[in-house]
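Trainee: Below is the structure I would like to discuss, written out as structure tokens.
Taken together, the values in this text are just the output of simple stated rules run on the coordinates, not laboratory data. Just so it is clear, the model here is predicted, and its values are computed rather than measured. In this analysis, Cβ positions are derived from the backbone assuming ideal geometry, glycine residues included, and neighbour counts consider all displayed protein chains.
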Amino acid sequence: MIGAEIASNRRLKPRTEAEFVELMDGLNLAAPTHLTEALRTNMTGGKTVQQLLGEAAESVPFISMKELNTRLGQHRNDLVILDVRERDAYSTAHIPGAMHLARGQLELKVDETFPDPGVEIVTVCSVGKISTLAAATLRELGFVRAVALDGGMKQWREQGFVIDSGEDPALLI
């Protein structure tokens, strides 16, 4: 198998370094996807985005769309829906009653926004990844009842649940 590959693969033929570089440059290969992440991870021993998401998903409970919708219908005041998308995405469509606090501001504004660390917070984003990281961060900051919406706004809309649009100044942080 290896012998056949060496015999048939023109990139493996014996040649000088200059010939090999010329051959490879002539192929016009695109840079690998996630090259920056791979370089950063390899150089620093850091974590990949997938590793961060995996660890967050292991430590964060999720609430289903059906359960959240049921709780919204009961008009209970025992949870806060926190939309962590950018403001324009929130303004376009959000879950009724959701507060807005962009993920990039979470650590800076969470204490003034939620003085009670016992409050249940449901984080929401576009597809459920950023909200998982946000819920993990909230839990690390002492908000032990923080959970993430399973699926995000994309699935919320696709499943036909009610949405609001526009901005309510009382819900913008």
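Trainee: For a quick check, take a GNM of the chain with Cα springs below 10 Å and name the residue from LEU29, LEU68, LEU79 with the largest mean-square fluctuation.
Mentor: The residue that fluctuates most here is LEU29.
Trainee: Got a sec? How would ASP83, ASP116 order by Cβ neighbour count within 10 Å, fewest to most? Show your work: numbers first, answer last.
Mentor: Details: ASP83 29, ASP116 7.
Going from sparsest to densest Cβ surroundings: ASP116, ASP83.
Trainee: Turning to a different aspect of this structure: Run the paramagnetic zone check for GLU140: 7 angstrom along Cα to Cβ, then residues of segment 96-110 with backbone nitrogen under 17 Å.
Mentor: 103-110
Trainee: Something else now. Taking segment 1-81, how much of its Cα-Cα pair set, in percent, is spaced more than 14 angstrom apart? Provide the component values of the computation, followed by the final result.
Mentor: On the way: 2574 of 3240 pairs.
Percent of Cα pairs beyond 14 Å in segment 1-81: 79.
Trainee: Could you check the simple spin-label distance between MET43 and ILE2, using points 7 Å along Cα→Cβ, in nm with one decimal?
Mentor: Placing both labels 7 Å beyond Cα along the Cβ direction yields 3.3 nm.
Trainee: If I take every Cα pair under 8 Å that is 6 or more residues apart in the chain, average their sequence separation and divide by the length, what percent do I get for the relative contact order? Walk me through the numbers on the way to the answer.
Mentor: Working: 214 pairs, mean separation 40.7, N = 173.
The normalised contact order for the chain reaches 24 percent.
Trainee: Could you work out how far apart the two model spin labels at LYS129 and ARG71 are, taking each label as a point 7 Å from the Cα in the direction of the beta carbon, and quote it in nm?
Mentor: Calculated label separation equals 2.5 nm.
Trainee: Using 1/(1 + (r/R0)^6) with R0 = 35 angstrom and r between the beta carbons of LEU29 and GLN105, what's the FRET efficiency to the nearest 0.05? Spell out each step's value before the answer.
Mentor: Values: r = 40 Å, r/R0 = 1.13.
Given R0 = 35 Å and the Cβ-Cβ separation, E is 0.30.
Trainee: Residue-wise, which Karplus ³J(HN,Hα) couplings in Hz belong to segment 49-55, taking 6.51 cos²θ - 1.76 cosθ + 1.60, θ = phi - 60°, and x for glycine or proline?
Mentor: Each residue of segment 49-55 in turn: 4, 4, 5, 4, 5, x, 5 Hz.
Trainee: Continuing with the same structure: Under the Karplus relation 6.51 cos²θ - 1.76 cosθ + 1.60, θ = phi - 60°, what is the ordered set of whole-Hz ³J(HN,Hα) values for segment 129-136, x standing for Gly and Pro?
Mentor: 3J(HN,Hα) across segment 129-136, in whole Hz: 8, 5, 5, 5, 5, 5, 5, 4.
Trainee: Could you list, bin by bin from short to long, the percent of Cα-Cα pairs of the chain in 10 Å steps?
Mentor: 9, 29, 25, 12, 9, 11, 5, 0
Trainee: Using modelled amide H (1.01 Å from N, peptide plane; none on Pro or chain starts), what sits under 5 Å from the amide H of ILE81, excluding residues fewer than 5 places away?
Mentor: Amide H to amide H, under 5 Å and 5 or more residues apart or across chains, ILE81 pairs with MET99, VAL122.
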